[in-house]
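Report on the following structure.
The values are calculated or read from the model by the stated rules, or taken from the named source; none is laboratory data. Since we're looking at a predicted model, the values are computed, not measured. Please note: Cβ atoms are built from the backbone with ideal geometry, for glycine as well, and neighbour counts cover all protein chains shown. Remember, those area values only see protein heavy atoms, side chains included, never the ligands or the DNA or RNA. Shrake-Rupley method; radii C 1.70, N 1.55, O 1.52, S 1.80 Å.
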Amino acid sequence: MPYVVTDNCIKCKHLDCVEVCPVDCFYEGENTLVINPDECIDCDVCVPECPVEAILPDTDPIGVKWLEFNRKYSTDMNWPVITENSGPDPEHEKYHPVNFPDGKMHLFSENPGKGDLN
Ligand code: SF4
Ligand code: F3S
């Protein structure tokens, strides 16, 4: 039952999640994160850290829709691992999920982020 990141993270990127993950399985895109579901050990400590409730188990009816998205961007797209919390996106308030009732995928970037584990 791995956990996955949903589109709530896009352009919010609070990063509170990454510093608590014991197995460093968060991967960074330009404006969102994903979890590698094959590395996640299902500890669930990251879930309460996210202020915008972007992390769900894949047993959740919404979470399961994001499983292949998380697998694709954490494995096939060369996004780097991220482990340190450098603070939220400066525009995170503007991009709070409550302002986007139809989701935020139209804002998604496939480009990798910088990461911090090389
Ligand atoms: Fe990491 Fe645990 Fe969150 Fe999985 S559930 S991403 S192992 S902190
Ligand atoms: Fe994204 Fe939430 Fe982590 S907004 S970066 S999943 S704390």
Residues in the stretch 1-21 near a label at Val98, defined as backbone nitrogen under 20 Å from the 7 Å Cα→Cβ point? 6-16
Just the Cα atoms of the chain, one point each, no solvent: what log10 I(q)/I(0) does Debye give at q = 0.19, 0.21, 0.22 Å⁻¹? -0.94, -1.19, -1.33
Tell me, what is the per residue accessible area of the stretch 1-109 in Å², probe radius 1.4 Å? 50
Checking rank on 81-94, 29-42, with mean other Cβ inside 10 Å and highest first, the result is 29-42, 81-94
Could you tell me what percent of the accessible area of the chain is made up of carbon and sulfur, with a 1.4 Å probe and every protein chain present? 49
Determine the calculated [θ] at 222 nm for the chain from helices alone, applying -39500 (n - 2.57) to every DSSP H run no shorter than 4 residues and normalising by the residue count; nearest 500 deg cm²/dmol. -2000 deg cm²/dmol
